[in-house]
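One structure is given here, and the rest of the page talks about it.
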Amino acid sequence: MVENRRPTDTELLLLSVPFEVTDRERSDSFTELLKSGLDWSCLEEKLINCRLYGFFLRNANNANVSHLIPGHIREHFSALMKKDLVNNLLYLEEFKELAGIFKKNSIDFIVLKGMALYFTVYATSRFRFMFDIDLLVRETQYEEAKRVLGYKDQEGLPRAPQDFDVFQQFGYIKNTKLKQIQIDIHRALIKGARYGYFKQENLWRDSMLLEAGTLTMRILSPETQLMHLCANLVKNIHSKQSYLVSFCDIVETIRFYDKDFKWESFIKLLREERVEREIYSVLSWLCKKRFIRLPAIMEERLKPFFRWDILEERDIFGFKEYSDTKFRWHLISNVPGLIGKAHLIYNYIFPSRQELKAAYPNIHSGITYFYYWYRIIRRIFRIIGFSICKLFYVAR
């Protein structure tokens with residue numbers, strides 16, 4: 001057994017993606033991985049950076065192996081989860097204020113992503129960290145939403161509008177006494193590879209009302225929700241934090257709706273939106289890793305997407321640190337057309353300034369071209385460094 005081994009991204013998923021208490025195979029895999037000599041300091045750092053510690057602790061409790069986690073790490077994760085609870089409550093209060101403003105001005109909205117999952121998928125656990133508030137408004141009410149929120153005069157740190165042209169949204173960061181709240185108002189949702197948007201009529205047609213205490217809101221249907229989560233993962237493949245959490249959200253969504261999920265409607269929706277290949281690529285990856293089990297009607301459609309099997313046996317560039325590259329190649333291979341593949345690669349190498357800002361939150365002087373070159377050069381040097389280390393290891 002290799003002691004103090006750095007965990008790969010695939011192993012982070014194995015430790016974090018939720019599983020049922022009765023799933024003995026996943027439970028045994030989880031236990032074996034904890035006993036495999038992982039570098040606990042490195043694992044702790046990675047789980048914190050990717051905001052996966054809540055999922056990890058829950059899995060450890062489900063597998064009855066929380067005693068295998070060093071005590072100081074358990075305590076640290078528990079303390080962070082308490083802070084996350086405060087964070088989520090602050091976002092919840094801001095959401096209530098936003099919902100009140102929109103209701104007063106008769107602006108329809110659909111709650112998206114983290115906030116929607118907070119009221120549905122994570123309604124009982126509530127340990128999933130909330131990164132921002134995402135709301136979708138009708139195209140015809142988009143400018144009105146800007147006006148009532150006082151976007152141009154918004155107290156805080158408004159973001160540059162040019163960063164949002166491709167995303168069909170406006171966003172700002174609101175200063176509160178305790179923290180900065182990130183808010184994004186969308187008028188369209190990107191399909192995933194930055195080359196089209198979901199049809200507004202489908203989103204609103206299939207949406208449903210949800211009552212949570214005194215709040216009444218509109219959320220996406222389970223089928224549209226899953227489609228959007230998968231598409232958002234595709235869009236954010238450049239961000240390790242975003243796409244690892246997205247995997248957990250997708251698995252939790254499928255588990256939450258379970259038998260109420262209409263797979264026939266889901267298939268029809270993907271066909272209508274012409275995003276079958278992208279969404280099926282994500283789901284086939286999760287199936288192959290045995291993170292999810294899907295009905296026979298879906299398994300038949302996923303078979304053509306089990307590609308790049310050689311990557312399961314051989315690491316890209318010969319080292320495990322880049323095991324997440326396997327998923328990216330799997331995804332790129334299934335995106336239709338050369339233009340679609342080019343868009344996906346471009347999105348990974350050259351993310352928007354908004355997304356780079358999220359990757360480098362401590363930069364206050366603004367994102368410049370330096371950070372694009374910094375990312376590329378750093379990746380090249382890491383590849384060279386790992387390759388040299390591997391050569392020395394083999395030679396030894």
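Read-outs throughout are calculated quantities, based only on the coordinates presented, and are distinct from any laboratory measurement. This one's a predicted model, so the numbers in the text were calculated from it and none came from an experiment. Neighbour counts run over all protein chains shown; Cβ positions are idealised from the backbone, glycine included.
What the table shows:
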item	result
Förster radius 45 Å - calculated FRET efficiency between His72 and Ile345, Cβ distance, rounded to 0.05	0.60
Cβ-derived FRET efficiency at R0 22 Å, Asp108 paired with Lys179, nearest 0.05	0.15
Per-pair calculated FRET efficiency, R0 = 25 Å: Glu299 and Arg274 via Cβ, rounded to 0.05	0.70
Subset of Lys199/Lys268; Lys96/Lys179; Lys83/Lys235; Lys103/Lys199; Lys235/Lys303; Lys113/Lys199 violating a 19 Å alpha-carbon distance limit	Lys83/Lys235; Lys103/Lys199; Lys235/Lys303
Cα gyration tensor, region 199-240 - rounded (a/c under 1.5), prolate or oblate	oblate
Fully extended contour minus Cα-Cα distance, from Asp39 to Asp132, at 0.36 nm per residue	30.3 nm
